[in-house]
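**Student:** Attaching a single structure in structure tokens format; questions to follow.
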Amino acid sequence: MELLRPSSTEEATAALGNGSVALAGGTELVPLLREGLAKADRLVHISAVLPRGVDGTTIGAGTTLAELEADPEIPQALREACSLAASPQLRSMGTVGGNLLQATRCWYWRLGFDCWLHGGEKCFAKDGAHREHAIFGNELCASAHPSDIAAALIALGATLRTTKRELPVSELYRLPTADDRDVTTLAPDELILELEVPKPEASTYLKAMDRRKWSFALVGVAAARSSAGVRLALAGVAPIPWTLDSAAALDDSTPLPGTAYKVEIARALVRRALESTSPK
Ligand SMILES: Cc1cc2nc3c(=O)[nH]c(=O)nc-3n(C[C@H](O)[C@H](O)[C@H](O)COP(=O)(O)OP(=O)(O)OC[C@H]3O[C@@H](n4cnc5c(N)ncnc54)[C@H](O)[C@@H]3O)c2cc1C
Ligand code: SF4
């Protein structure tokens, strides 16, 4: 395998596609390559050319989660989401851009089963072990999106600037369909460059986990209040980060037998998040 070190984002973009894949911190991509779950002929190391750091409301996609969790200028929901994600070592290497593009943690998918999301006929989780899986959007694939950071950014109304376009973070994601089983709308030769994160009046991120550290969200709830009202977004409940129109929308969830408990956790966390972001 070849490792390319481009000297500009233009050079990096030109090198992407046709078997060339972007490498940032490598905390997600390297294990996927090792397990044969991702394929690449060439890795394009983008860390040196990605914008990095915080400038007002703009965050470079190459900024690490550790840098974000320690910056007092970053809205509370995003800082909390970063500090509750992964481990200190992973947060020191993992970038915010890479976090948004991480693959599902569904154990069938990670073990290489020929399940629906891998192009097969059947979702094994729905009939099998699925206690960590989805309560929304789970008709074809019942995986649960693992990004705490994506939920926080969606609640905050953040937008992305890529090498091709500007878009709300929520539009980076799409539920997989029979025709296109990808869960993001990013093109193979498109790089995320920056995020624009408006400052809220108040925000929070609450995460239920099997243990208090280094655990993926069973349910993560982000809430952000601005002059337009309160926006809610959830991690760990659907194949993509899930925008929740209101607390009542949890009544429309479609849990599997083993994920019904998540609805009750979500109700409790949404109530707490709304309380903590309401005007005092
Ligand atoms: C054990 C473990 C526990 C974890 N726990 C959590 C958790 O609790 N919560 C949570 O939210 N996350 C968690 N994570 C995910 C972790 O935060 C991500 O692995 C990390 O942020 C990915 O960033 P990276 O820079 O290492 O990405 P890489 O591994 O370099 O890349 C990941 C993917 O994104 C693409 N990519 C990277 N940057 C860009 C860009 N700028 N533009 C376009 N494509 C890009 C790569 O091509 C690749 O497909 C965990 C990860 C591990 C391994
Ligand atoms: S939940 Fe999705 S990734 Fe997991 S087995 Fe079902 S189709 Fe595959």
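The values are calculated or read from the model by the stated rules, or taken from the named source; none is laboratory data. If you're wondering where the values come from, they're calculated on a predicted model, not measured in any experiment. Glycine also receives a Cβ, built like all others from the backbone with ideal geometry; neighbour counts cover every protein chain displayed. Note: accessible area is taken over every heavy atom of the protein model, side chains too, but ligands, DNA and RNA are not part of it. Shrake-Rupley method; radii C 1.70, N 1.55, O 1.52, S 1.80 Å.
**Student:** Of these, Arg91, Arg52, which one is open to solvent by 40 Å² or more (accessible area, probe 1.4 Å) and either touching a Ser or Thr at 6+ places or on another chain (Cβ under 7 Å) or part of a loop (DSSP other than H, G, I, E, B) (or both)?
**Tutor:** Arg52
**Student:** Let me ask something additional. Can you work out which of the residues in the range 116-169 that are basic (Lys, Arg), part of a loop (DSSP other than H, G, I, E, B) and within 16 Å of ligand 1 (Cβ to nearest atom) is farthest from Ser203 (Cα to Cα)? Even if it seems obvious, please write down each step before you answer.
**Tutor:** Initial filter on the range 116-169 (basic (Lys, Arg)): 122, 126, 131, 161, 164-165.
The next check asks that each one be part of a loop (DSSP other than H, G, I, E, B); those that pass are 122, 131, 164-165.
Filter once more, keeping what is within 16 Å of ligand 1 (Cβ to nearest atom): 164-165.
Working: Lys164: 30, Arg165: 27 Å.
Checking each candidate, the answer is Lys164.
**Student:** Scan the range 100-115 for residues that are near ligand 1 (Cβ under 8 Å from one of its atoms) and more than 14 Å from Leu32 (Cα to Cα) and report the count.
**Tutor:** 1
**Student:** Let me ask another. Taking into account only those residues within the range 1-26 that are hydroxyl-bearing (Ser, Thr, Tyr) and open to solvent by less than 60 Å² (accessible area, probe 1.4 Å), which is nearest to Leu65 (Cα to Cα)?
**Tutor:** By that ranking, first place goes to Thr9.
**Student:** A further question on this structure: Report the residue count in the range 67-88 for those that are away from ligand 1 (no atom under 14 Å from the Cβ), open to solvent by 40 Å² or more (accessible area, probe 1.4 Å) and charged (D, E, K, R).
**Tutor:** Residues that pass the stated criteria total 1.
**Student:** Quick check on the range 68-88: of everything there that is in a helix (DSSP H, G or I) and of a type in the set (A, V, I, L, M), which residue is farthest from Ile240 (Cα to Cα)?
**Tutor:** Within the range 68-88, the match that is farthest from Ile240 (Cα to Cα) is Leu68.
**Student:** Separate question: What are the pairs, 6+ residues apart or on separate chains, where a residue within the range 87-110 that is within 16 Å of ligand 2 (Cβ to nearest atom) has its Cβ under 6 Å from a residue that is assigned to a helix (DSSP H, G or I) and open to solvent by 20 Å² or more (accessible area, probe 1.4 Å)?
**Tutor:** Qualifying pairs under 6 Å: Tyr108/Phe124; Trp109/Leu117.
**Student:** Quick one: Arg161 ticks every box in (1) out of contact with any Phe, Trp or Tyr (no Cβ under 9 Å at 6 or more places or on another chain); (2) open to solvent by 50 Å² or more (accessible area, probe 1.4 Å); (3) farther than 20 Å from Thr64 by Cα bar one, so which box is it?
**Tutor:** Condition not satisfied by Arg161: (3).
**Student:** In the range 205-229, what residues are touching a Ser or Thr at 6+ places or on another chain (Cβ under 6 Å) and either open to solvent by 20 Å² or more (accessible area, probe 1.4 Å) or at pLDDT below 95 (or both)?
**Tutor:** Residues satisfying the conditions are Met209, Trp214, Arg225.
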